[in-house]
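What follows is calculated from the coordinates using simple rules that are stated; it is not laboratory data. Keep in mind that what you see is a predicted model, and the values were worked out from it rather than measured. With ideal geometry, Cβ positions are generated from the backbone for all residues, glycine too; neighbour counts draw on all protein chains shown.
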Amino acid sequence: MNLPFEDESFDAVTSNYVYHNITGKNKQKLLLETLRVLKKGGVFVIHDLMSKSRYGDMNKFMEKLKKDGFEDVQLIDTTKGLFMSHKESLFLGLSGSALLIGRK
C-alpha cells in the first residue's frame with residue numbers, strides 16, 4: 001500500500017483499530033508507509049490488534065524505529081486496564097490490543 005501523499009506531509013498520524021482490516025501480510029511495512037508521511041517532530045498514535053501473528057516482532061520493529069531516529073517509541077498493552085481489562089478484551093475479541101506511540 002502506498003499512501004498518495006508526499007513525505008513529511010502531516011504533523012500527526014493516528015489510527016484506531018483499522019490496520020488489522022487492511023489486506024496484506026506485512027503490517028510493519030504498512031506502519032512504515034504511514035510514518036513516511038509524518039513530518040519531523042510529528043507524533044504518531046496507532047491503536048490496533050498488534051499480535052505477533054498479525055504484526056510480527058514488534059520489539060524488533062520498535063528498535064528499528066529508534067535506530068531510524070524516531071523518539072519516545074512505546075508499545076502499550078491496552079488490555080491491562082488502560083482502556084479495558086484483559087477479560088473484556090477476550091470477550092470483545094480484542095486480545096493483542098496495543099497502542100504504538102512516538103515522535104519522528
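What to note about this one:
- Sorted by Cβ neighbour density within 10 Å, fewest at the top, the residues H86, H47: H86, H47
- Reachable lysines, given that their alpha-carbon falls under 25 Å from the alpha-carbon of K29 and they are not under 8 places away in the same chain: K39, K40, K52, K60, K64, K66, K67, K104
- For the chain, the longest principal axis of the Cα atoms and the long axis of helix 27-36 meet at an angle of about 40 degrees.
- Linear extension gain, D11 paired with F91, 0.36 nm per residue minus alpha-carbon span: 25.3 nm
- With Cα atoms as the point set, segment 10-103 shows a radius of gyration and Dmax of 13.1, 39 Å.
- Candidate aspartates and glutamates - alpha carbon under 15 Å from K80, same-chain residues fewer than 8 apart omitted: D48, E88
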